[in-house]
Structure formats: C-alpha cells, structure tokens
Amino acid sequence: KRELKTNFIGHDIHYFKEVDSTNDVAKYLAEEGAEEGTIVIAEIQNRGKGRRGKTWISPPGGVWMSIILRPDIPPFNAPQLTLVTGVAVAETLQKECNLDVGIKWPNDILIGNKKVCGILTEVNASIEKVNYVVVGIGIDMNVDVPLFPPDLQKGATSLKNELNTEINGAILVQKFLLEFETIYNEFKAGKFPEILKEWRSLSKTIGNNVEVRTRGKTIRGEAVGINKEGILILELEDGSLRKIISGECLHINN
Ligand code: BTN
C-alpha cells in the first residue's frame, strides 16, 4: 500500500483471504456509505460471478478485485465504465508484461485470441442519478490454465501461461490502480471520446466478422464500429446496420 501512487483509488482497501464475490462485498460496503475508490480484493472467491449469471472460477493466484465508484453521470452512461476499465487493464498489461493485448467487445481482455481478464460492472442508480457503480475485475494472473470445467472457460489463458513465469501481484495491482485512476479522471472530465479512441485501437472486434449473442439470439455480421455511447454496430449480410447495446461476442473471424 505504501507504494501506491494514486490520489484516491485504493486508499481504502478491504482485503480478504476468501469471499463469495468481491463485487457483492463491494456492493454491501457501498450501501454502507464507502467512499469512491474503495477497493475489495480477495485471494479466493467461492462464488465469483461472471457476466450473464455465469460462474467465474477464482482460485488462488488470480487478481479478484472490485472498485467502488460514485461518478456524477447519467445512469445511461454508466456502462461506459466497462470500456474505461477495459482500456486501463489492457494498457497495464501491455506496459507491464509487454504482451499483445486486445479487447473483445464488450469487456474481455485478450492475449492473442485467448481471454485473460473479464470485467463485471454493476450499477446502482435511480432514473436520474447513479448512486454507485461497482467494477469487478478478474485477471487470470498466476493461475494454471485450462481452468475447469473446461467448457466454462474455453479459450482462456493466464499471464503465467503466456510469460512462463509468475508475476508480482502487488506490483501489478498498484500499476493497474494508477492507470485506472488516470483514465477514470479523464472520463470524469468528459473525455470519454478520447478513451473510446484508445478502446478502438485495442479492439479485436471492430473490422471483423463476428457472431454476437444478444437476448437469446445469435446474430452474424461485420462489426463496423462502436458509437460514442459504446454501442456496437453490426452490418448484417443484407447490408443493414444493427445496434447491439449489450450481449456477448462469440466468435471472431479475421
Ligand atoms: C466476465 O467476463 O464474465 C466477467 C468476470 C468478472 C470477474 C470478476 S472477479 C472480481 C469480481 N467479483 C466477481 O464476483 N466477479 C468479478
């Protein structure tokens, strides 16, 4: 903690050996009034949550962490924080580990075409105001892959797997928090368009043919762009454009 160079992110750290889900602990703390920048971090999660109700397998050696944010933004913009966080993770891994890092829409951080990190953003808001946002970040750092059951995490890798050596988790977390704070401050200063430019340059989705699963349907098309709200634009086979607000990208063919 002494090494942490941030102004507010991670100044209040709640560290656990074991929890069910750091996101759930963070939501509880946020309800109790925890300040912006409060962090929950655990060595093991027994019920780690992935997107869409999936389980997130969280053995020792991973970075399982949640950040409480209280941005003064309209609720409609809150999902942008997932993209903001993705850029912060990708840039940290690129700088610290010197890896070929990319982002798969909306929130998977890839090395090559294998997933190394997932982000789960949970928003508590009324119609007009965001009360708090919890961004959960799961990085497969010093874990052995494949994690099992294999069908849950196929196409996964870990930093250890890519680098053939274990890395120092405390240092990685410090660097990430500093990167995150810098980008989050830009976001709060209204610079989401600039962050989106970064996101686009890291994206492995834009410009490729993809299969997206949204609302129980699978849609195929070319990912032609992401608009200023962070919504994915697909061009379908008949040439029509389709906006995908949320969903999951299943397949990328280069
Ligand atoms: C996904 O890609 O499906 C999102 C995975 C998010 C996992 C992280 S680990 C820390 C935080 N706590 C949770 O229960 N989930 C997130």
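Throughout, read-outs are computed from the coordinates displayed, never taken from laboratory work. This structure is a prediction, so every number in the text was calculated from the model and none was measured. Cβ: placed from backbone, ideal geometry, glycine included. Neighbour counts: every protein chain shown.
Taking a quarter of the surface of the Cα convex hull of segment 163-230, what do you get in nm²?
Working: hull surface 29.2 nm².
Value for segment 163-230: 7.3 nm².
Kindly provide the trypsin sites (Lys or Arg not before Pro) of segment 15-77 that DSSP labels as loop, not H, G, I, E or B, and whose Cβ sees at most 12 other Cβ atoms within 10 Å.
Working: sites: LYS17, LYS27, ARG47, LYS49, ARG51, ARG52, LYS54; in loops: ARG47, LYS54.
Of the trypsin sites (Lys or Arg not before Pro), the ones in loops of segment 15-77 whose Cβ has at most 12 other Cβ atoms within 10 Å are ARG47.
Considering only DSSP beta bridges whose two residues both sit in the chain, what percent are antiparallel, to the nearest 5?
Details: 48 of 56 bridges.
Restricted to the chain, the bridges split so that about 85 percent are antiparallel.
Could you tell me the relative contact order of segment 123-221? Use alpha-carbon pairs under 8 Å, at least six residues apart, and round to a whole percent.
Working: 64 pairs, mean separation 12.4, N = 99.
Result for segment 123-221 is 13 percent.
Pairs of Cα atoms under 8 Å, at least six residues apart: use those to get the relative contact order of the chain, whole percent.
Reported relative contact order: 17 percent.
Between their Cα atoms, which of LYS27/LYS115; LYS104/LYS228; LYS54/LYS104; LYS27/LYS228; LYS17/LYS114 are more than 21 Å away from each other?
Values: LYS27/LYS115 26 Å; LYS104/LYS228 17 Å; LYS54/LYS104 18 Å; LYS27/LYS228 28 Å; LYS17/LYS114 28 Å.
Pairs exceeding 21 Å: LYS27/LYS115; LYS27/LYS228; LYS17/LYS114.
Once you have a ≥ b ≥ c as the square roots of the Cα gyration tensor eigenvalues for segment 116-254, tell me rounded if a/c is under 1.5, and otherwise prolate or oblate according to whether a/b is larger than b/c.
Working: a/c = 1.75, a/b = 1.16, b/c = 1.51.
Here segment 116-254 falls in the oblate category.
What order do you get for LYS160, LYS204 when you list them from fewest to most C-beta neighbours inside 10 Å? Each step should come with its number before you reach the end.
Numbers: LYS160 17, LYS204 21.
By the 10 Å Cβ count, ascending: LYS160, LYS204.
Show me, bin by bin at 5 Å from 0, the whole-percent P(r) of segment 64-193 based on Cα pairs.
Values per bin, smallest distances first: 2, 10, 20, 23, 19, 12, 8, 5, 1, 0.
Given labels modelled 7 Å from the Cα in the Cβ direction, how far is it in nm from ARG70 to SER246?
Once both label points are built, they end up 2.4 nm from each other.
Quick one: net charge around VAL116, please, counting Lys, Arg +1 and Asp, Glu -1 for every other residue with C-beta under 9 Å from its C-beta. Intermediate values should be presented prior to the final figure.
Values: positive: LYS114, LYS115; negative: ASP108, ASP140, GLU162.
Here the charged neighbours net out to -1.
Report the charge-dipole magnitude of the chain in Debye, nearest 20, computed about the Cα centre from +1 at each Lys and Arg Cβ and -1 at each Asp and Glu Cβ. Write out the running numbers ahead of the final one.
On the way: 31 positive and 34 negative charges, 92 e Å.
Here the chain has a charge dipole of around 440 debye.
In deg cm²/dmol and to the nearest 500, what is the mean residue ellipticity at 222 nm of the chain if only DSSP H runs of at least 4 residues count, each as -39500 (n - 2.57), divided by the residue total? Spell out each step's value before the answer.
Working: 5 runs with 64 residues, N = 254.
Calculated from helices alone, the mean residue ellipticity at 222 nm is -8000 deg cm²/dmol.
Using the Cα gyration tensor of segment 209-253, with a ≥ b ≥ c the square roots of its eigenvalues, what is the shape: rounded (a/c below 1.5), prolate (a/b larger than b/c) or oblate (neither)? Don't skip to the answer; put the middle values down first.
Numbers: a/c = 1.44, a/b = 1.08, b/c = 1.33.
It is rounded, given that a/c, with a ≥ b ≥ c, falls under 1.5.
Per 5 Å bin, what percent of the C-alpha pairs of the chain does each bin hold, from zero upward?
That works out to 1, 6, 13, 18, 20, 18, 13, 7, 2, 1, 0, 0, in percent per bin.
Put +1 on the Cβ of each Lys and Arg and -1 on the Cβ of each Asp and Glu in the chain; which of LEU232, ILE219, GLY62 then has its Cα farthest toward the positive end of the dipole?
Among LEU232, ILE219, GLY62, the one farthest towards the positive end of the dipole of the chain is ILE219.
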